[in-house]
Structure formats: C-alpha cells, structure tokens
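Worksheet: one structure, shown below.
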Amino acid sequence: MTLLNVAQNVSLQPYNTLGIYATARYFALIETIEQLHALLESSEYAALPRLILGSGSNILFTHDFPGLVLRMQIQGIQKIIENSDFSVIEVNAGELWENVVEYALDQGYGGIENLTWIPGTAGAGPVQNIGAYGVELKDTLENVTVYDTNSHQERIFPKEQCCFGYRSSIFKTNPQYIILKIQLQLTKHPELQLQYASLTQAIQTTGQTPTNIREVAQLIRKIRDQRLPNPKILGNAGSFFKNPQIPLVQYQKLQAKYPKIVGYPASEDQVKIAAGWLIEQAGWKGKRIGNVGTYAHQALVMIAYPGATGQAILSFAQEIQHSVQEQFGISLEPEVLIV
Ligand SMILES: Cc1cc2nc3c(=O)[nH]c(=O)nc-3n(C[C@H](O)[C@H](O)[C@H](O)COP(=O)(O)OP(=O)(O)OC[C@H]3O[C@@H](n4cnc5c(N)ncnc54)[C@H](O)[C@@H]3O)c2cc1C
C-alpha cells in the first residue's frame, strides 16, 4: 500500500452501525502512523475538512461528507509495565474495544470487565469516556497519545488533562486531536463492581453472584443481550441521547407529579434522569414512523430500519426532544455525533 492511498466517493454505509447511506468525498483506511502523518502533512489533503472514524457506532450521517474520512485501523495490544499489583497495557486506536476486554479477562486483569460489549474502537473510548454498569473508561485510563493536527506533533495527555466527565472529554470538543493510542492500568487484585442497579437486580433474580471478572462480564453480556439490539440485525447507535442532569429542586417538583420518575444523584444539588424513562413516558417507546423508530425494549435506542435516511432519524430525534421538552421541561442532548 502506498502511503497516500485515498479513495474517492466512498459509501460510508458499511462504516456506521446505523447503516445510513452517505458518501465520503475522500476516504482512507489508516493502518500505520506513517500513513496518517503522510496524509495530514500532504498539500493535497491536509486542509480538507476531516472526520476520524472508528467503527461508526456513535455517529449519525445526515449528509455526504465533503472532505476526508480517516478510518482508524492501527491495531495491537501490548503490556508495558507489570508488577505484582497491576499491569499497564498500551492499546492502539484502531483495536476493537472488545478485544481489549477479552485480553484483560484472559490475563485476569480487572477494571474493564463492566465495559464488555461496548462496540467500537479503543481510540474512540476516551472521546466520550465510554461507560456502562457503574464503570467508566477514566477509572483505568492512564494517558492518551494524540497527533495534534494543529502543531503536527504527537502529544501525551495524562488522565488529569483529559477533562473527563459523563460522556465527555477534551477530545469530544477538540477534533484537532487524533487519538493514536491509550494506556490503561489494570489491577491484578480485582474488586468486582456490582453495585449498579440492573446488576443487583439480575443477581437477585438469578440468585447467583459473580465471583470473578469473567463471570461479571458474562452477566453483563446477558443483560446487554436482552436490552440492546444487535446493530448487525437492527441498525442503531446505542443510546441516542445522554441522560440529562437537572437541579434537585426541579427533580423534586417532577417527582411530586411523576412519583415513578427514574433519577440518580449526580452531585449535591443535581440529579441525573434516565432519558429512556422520559422518552417512554412521552409515548415514544417502540414507536415507528416510516423507516425510523425506537427500540421496543429501550426507548433510548433509535432504530434505523432498512432504507432509513440520516435526515429522517434526525427529524424523529427532534420530535422526541420536542415532546420531552414540552412534557417535562427537560432538554435532551444527543450522545451520538451528528455529521
Ligand atoms: C449497541 C450499542 C451499544 C452501545 N453501548 C454503549 C455503552 O454501553 N456505553 C458507551 O459509552 N457507549 C456505548 N455505545 C456507543 C459507542 O459504542 C461508543 O461511543 C464507542 O466508543 C464508539 O466507538 P467507535 O469506534 O464506533 O467510534 P465512532 O462512532 O467511529 O466515532 C465516535 C466519535 O469518536 C471520534 N473518534 C473515533 N476514533 C477516534 C480517534 N482515534 N481519534 C479521535 N477521535 C476519534 C469520532 O470522530 C466521533 O466523534 C453503544 C453503541 C451501540 C451501537
């Protein structure tokens, strides 16, 4: 492969889990750092609008992309530090996240077992600080190496400089940083994280408490299987909206009117509300209009049936936002990147 191996007018349909048809004016599969450098420093491509793509599991395309799409495929997992308590592993951005979880399970390293079955690449993980079942990537992440497209230099962000929050980070708002690799510190003495509500419920129902990290991962896979559609069968991008945070006072007023409202303390005076509950109460659970709908088992997941367009999904999402705003006075913010 030559370093500047760029294709033109490429369909992005195989590269997004909603399965939306859109094209990239220019498209390159990035398999080495040298290739990335060559493209970003070339007079032909450096100035084009740019989109970094992993597995496309958190993206909604609403139109053709007029610039250069770079699909990150640099793979590899490497152990770089090991002692009797922990190991630090380094993972290249294009490695599938689930391969990292499996690697950790195989080695007996704890810390990311609750993040099993989150689709996508390791490099996209820090962008929205992936999280599930009471654990977030930031809990084990050590640092992130990026290529800064402004300075054309590599830079390492220690965890403290990543500005991690709920589904947010410095990388989400600064697309000048292309993530090349991440380092995670994983423990050899795992403490199982089983406090999350749906985990405790599942444990109560089955009467079986996981005793090691592999059993935790197996339980979570079972729960995810029941609650989330498989993108290979039903196009989707996981949770379409973030769970909104509202002031405690507003929450108490809503609770008086809707005693079953689902909320969790986010800080002393803020409560995080389950967006899926709001959408369901607004009457959207399992609803379908044309080729777009919400999942029958989880209203937060938008489904793209065959033939759905990005614009149709966006309009559907906006209708949901409008009715949740009308009914509850709460504004829903998309979790997915809308392109
Ligand atoms: C069925 C399903 C379940 C899901 N469950 C969860 C869940 O439990 N928790 C959760 O947090 N998310 C979940 N998601 C969302 C998604 O899997 C994650 O956000 C994942 O990290 C996206 O990875 P990706 O490689 O597909 O990124 P993409 O969708 O390709 O990109 C997402 C964003 O990251 C940017 N990006 C990607 N790679 C890089 C890079 N190397 N450098 C800089 N920017 C980059 C893109 O430009 C874009 O802004 C789910 C999605 C699906 C379809």
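Readers should treat all values here as calculations from the given coordinates under stated rules, not as data from a laboratory. Small disclaimer: the values here were computed from a predicted structure and weren't measured. Quick reminder, even Gly has a Cβ in these numbers, built from the backbone with ideal geometry, and neighbours come from all protein chains shown.
Just a few scattered comments:
- Reduced Cα scattering model of the stretch 77-187, Debye log10 I(q)/I(0), q = 0.20, 0.21 Å⁻¹: -1.03, -1.13
- Percent of C-alpha pairs per 5 Å bin in the stretch 50-101, short distances first: 5, 15, 21, 18, 13, 11, 8, 5, 3, 2, 0.
- Reachable lysines from K272, criterion Cα separation under 23 angstrom, eight or more residues apart if same chain: K138, K172, K242, K253, K257, K260, K285
- For the chain, the direction-averaged projected area of the alpha-carbon convex hull comes to 18.1 nm².
- For the stretch 5-111, GluC sites (Glu not before Pro) are listed when DSSP marks them as loop and at most 12 other Cβ atoms sit within 10 Å of their Cβ; the list is E41, E44.
- If you take the Cα centroid of the stretch 65-112 and the Cα centroid of the stretch 217-266, the two points sit 27 Å apart.
- 3J(HN,Hα) couplings calculated from phi for the stretch 173-182 with the Karplus curve 6.51 cos²θ - 1.76 cosθ + 1.60 (θ = phi - 60°) are, in sequence order, 9, 10, x, 5, 9, 9, 6, 9, 7, 10 Hz; Gly and Pro show x.
- Mean Cα-pair separation over length for the chain, i.e. relative contact order, pairs under 8 Å, 6 or more apart, %: 16
- Centre separation in Å (Cα based) which lies between the stretch 268-339 and the stretch 114-137: 21
- Histogrammed with a bin width of 5 Å, the alpha carbon distances of the stretch 7-72 distribute as 4, 19, 30, 25, 14, 8, 1 percent, first bin at zero.
- Qualifying GluC sites (Glu not before Pro) in the stretch 145-223, DSSP loop, other Cβ atoms within 10 Å at most 13: E191
- Taking only the Cα atoms of the stretch 1-137, the radius of gyration and Dmax are 16.8, 52 Å.
- Taking N as its residue count, the alpha carbon Rg of the stretch 245-338 over 2.2 N^0.38 Å: 1.14
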